[in-house]
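Remarks on the structure that follows.
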């Protein structure tokens, strides 16, 4: 598979992971879903999904480059994903619903 596709997948995994971590927090959950209840199991599941997505992102970066460059690319993808999620939460928070496939 081309390196560019793997790096795009790593960025998308970082984006999903940071989004799931954000949704695991009560204030961000309320921003996205309003008064819809969030169970403790849902919060735990979102944290697990976020962790798996970020580890997958690191693994994809390591597959493309040597470890020192992969770590740099991974940290930069985390920064870009966190910024994108923060802007989405402040502008169109409901767009993050796509991460849970809920309306």
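Worth a mention:
- Residue order, fewest to most surrounding Cβ atoms within 10 angstrom, among 66, 28: 66, 28
- Listed from fewest to most Cβ neighbours within 10 Å, the set 95, 20 follows the order 95, 20.
- Residue order for 68, 14, 44, fewest other beta carbons within 10 angstrom first, comes to 68, 44, 14.
- Relative contact order, whole percent, for region 13-78 stands at 40, derived from Cα pairs under 8 Å and 6 or more residues apart.
- If you run the Gaussian network model on the chain, springs between alpha carbon atoms under 10 Å, then out of 34, 45, 17 the most flexible one is 34.
Each reported figure results from applying straightforward, stated rules to the coordinates on display, with no laboratory input. Everything numeric in this text was worked out from a predicted model, so none of it was measured. Here the Cβ is made from the backbone with ideal geometry for all residues, glycine too, and neighbour counts use every protein chain on show.
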